[in-house]
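What follows draws every value from the coordinates through simple rules; no lab data is involved. Remember, it's a predicted structure, so these values are computed and weren't measured experimentally. Because the Cβ atoms are built from the backbone with ideal geometry, glycine has one as well, and the counts that use them run over all protein chains shown.
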Amino acid sequence: MFKKILIANRGEIACRVMATARQMGIATVAVYSDADRNARHVEEANEAVHIGAAPASESYLVAERIIKACRDTGAEAVHPGYGFLSENASFATALEEAGIVFIGPGVRAIEAMGDKITSKNIAGEAGVNIIPGHDAVVKDADEALEIANRIGYPVMIKASAGGGGKGMRVAYDEAQCRDGFARATSEAVSSFGDGRIFIEKFIEQPRHIEIQVIADNHGNVVTLNERECSIQRRHQKVIEEAPSPFIDAETRAAMSAQAVALAKAVDYRSAGTVELIVDAERNFYFLEMNTRLQVEHPVTENIADVDLVELMIRVAAGEKLPITQEDVGIDGWSIESRIYAESPFRNFLPSTGRLVRYRPPDNSDLVRVDTGVYEGSEISMYYDPMIAKLVTWGPTRDEAIHAMRDAIDRYYIRGVDSNLPFVSAIMAHPRFQRGELTTNFIAEEYPDGFSPADIDIGDPELPAAVMACIHHRLMMRATTVPGQMPGHGRNLNRSWVVMLGDKSYTMRVKQRDNFWDVSTGSRMLHITDKWKLMQPVYSGKVDDEPICLQVERPGDGIVYNVVYRGAPLSVRVLSESSAAHFAKMPVREAPDLTGFLLSPMPGLLVSVAVEPGQAVKAGEVLAVIEAMKMENSLRAERDAVVEKVLAEPGATLVVDQPIISFESGA
């Protein structure tokens, strides 16, 4: 067994690999860029080596520096994690030539499966179902249109060297095909240095199902059941689960058999994933094979009771798999939510900055948090915006969902925006709870984007009653002066008006021993908790039903910032007389910014498509911004005439920075 391994990655996956290595008694080496000098994975490693500047192209993607770090530290093997060099055949070859073990598959498998066109041909020869399409590289937009018209819309335009949702576009007509080809090519060159594009038929109402494979150097190949990864936004997975609520035993067996056939066809070893697209009739087709550990591997570990990282290390060290296919079962249900630094109420734009407060839920038998950050960490514009993977387990799917909803409520993040409200809303969505999933779920259920109105908080009197109790306790403390003379204290109100959104609730509060009675006028609620004043996460029970919400009081006044079931709420708690006066206060109008195109995110201005004096129509592309390795087109919201271009291509933008101004009255 290895004595020391280097992890050629960063963030949560580097920390994840280190955790298993520690359990195996293996020392670890971290590598880091300028931006990650104080990162969590650097602190958790036994040794750390600086490998370059913040951009990945100058650090994590420079194979020579990784190999030098191995030589300098005596690392015998490299675990690549996912992304970066994890599926780079030349990197695996260079390690082999340097006498360093690559904890992953052989070069042949990486090369064969790393190219979508080649992998599709191999899969077809191995008897794996494949999607109809055009296998050759598409040379230009005109040829893309010709192919799309021949196959029939809709079509999927994909980068041959792509992955992670980058370099992918769906086109339903010729205009979308031409634009999609340009955007996919640009993203492919930027992300992978390879602009080759191919086109295939887009399966409507599809599910994204994948089969986990683990294989050794002794001819043993085992599949660890399937994962459902259909909840996606812009082809980027958001929520994954294992097993799938849709796949039956017969389909599972057929998928597994084809995954094994493909693995054997390329002499596969280590962990890998065969990704499939499944239609409403459970017909399935090969998408690609990822020759690395997947982001969503924890859900498989939870139901199969394995440690995939440990198996990868043992296979790389020449050991036989300690399990056979007969050993693999399905124990319960597991769900993973990817927690991203992004603004779900601003069309999921990236959110960068410092994690001023960061308190994930505690790990337990039901909850697992894989993270690469800590309180005070920086979320950088240079890398993927994922903060953590929140994973839950339950004996049933319903119980796994319940555990996830509770864990989301307890996940406390401040300093950057996160998608916690969005994943909370999905967990509560009736269609998700029924398991009626497709890759179109988000587009269909949130066609106009995601807003606070999309979050169902259930009975609003429950959080209102809790807030009345919280405010009452704070007022009790404020009116209690140590050593004050009897009869000189303030009389404390027991009746409060809780203003939650555009609704008001009158609550009368009374303390009884270790619980509170709260009268709403129509019913009596009994609240118990062990909450201490100004703890940011409140946890208690209302009529023996658990309730959890996040509470902040910016000042000493009547306003609270509350998060309940993912919904951000501005809550006021007033006396009845104060509430009557507040109702008469004028409302301040927001400033009119419709005369400007503002940058919705921090990022690089790739291009500006207009010039002063040009008339633009609603929906027309005005500019393209690159952030978090993705290109984002900014479109006109209305017909207008450009007055000035205020930022030039190549500029680094901050949030709400003006890019274009429009003529007034246009």
Gap in Å between the Cα centre of the range 315-390 and the Cα centre of the range 101-153? 30
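What does the net charge come to around PHE662 if you take all other residues with beta carbon closer than 15 Å to its beta carbon, with K and R at +1 and D and E at -1?
Net charge in that neighbourhood comes out at -3.
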Sorted from largest down, what three extents in whole angstroms do the Cα atoms of the chain have along their principal axes? 87, 66, 53
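For the range 109-237, what number results from the quotient of the Cα radius of gyration and 2.2 N^0.38 Å? Numbers along the way, then the final one.
Values: Rg = 15.5 Å, N = 129, 2.2 N^0.38 = 13.9 Å.
Scaled against compact globular proteins, the figure is 1.11.
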So what does log10 I(q)/I(0) come out to for the range 34-184 at q = 0.09, 0.15 Å⁻¹, using the Debye formula with one equal point on every Cα and no solvent? -0.43, -0.90
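So what is the calculated 222 nm ellipticity per residue for the chain, using -39500 (n - 2.57) for each DSSP H run with n of 4 or more, over all residues, to the nearest 500 deg cm²/dmol?
Values: 17 runs with 179 residues, N = 666.
Result for the chain: -8000 deg cm²/dmol, rounded to the nearest 500.
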So if I take the alpha carbon set of the range 173-297, get Rg, then get Rh from the Kirkwood formula, what is the Rg over Rh ratio? 1.00
Report Rg (one decimal) and Dmax (nearest whole number) for the range 133-201, counting Cα atoms only, units Å. 10.4, 29
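Treat the range 596-662 as a sphere of radius equal to its Kirkwood radius over Cα pairs and apply Stokes-Einstein at 25 °C in a medium of 0.890 mPa s; give the translational diffusion coefficient in µm²/s, rounded to a whole number. Don't skip to the end; give the middle numbers.
On the way: Rh = 11.6 Å.
For these conditions, the coefficient is 211 µm²/s.
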Kindly state, as a whole number, the per residue volume in cubic angstrom of the convex hull around the alpha carbon atoms of the range 4-103. 79
Whole-percent pair-distance distribution, where bins are 5 Å wide, for the alpha carbons of the range 351-490: 2, 8, 13, 14, 16, 16, 12, 6, 4, 4, 3, 2, 1, 0
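In Å, what Kirkwood hydrodynamic radius results for the range 169-226 from the alpha-carbon pair distances?
On the way: mean 1/r = 0.0680 Å⁻¹.
Computed over Cα pairs of the range 169-226, the Kirkwood hydrodynamic radius comes out at 14.7 Å.
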Could you pull out every one of the lysines with an alpha carbon less than 22 Å from that of LYS166, ignoring same-chain neighbours closer than 8 positions? LYS116, LYS120, LYS139, LYS158, LYS201, LYS237, LYS389, LYS629
Shape metrics for the range 496-648, restricted to C-alpha atoms - Rg then Dmax, Å: 24.1, 72
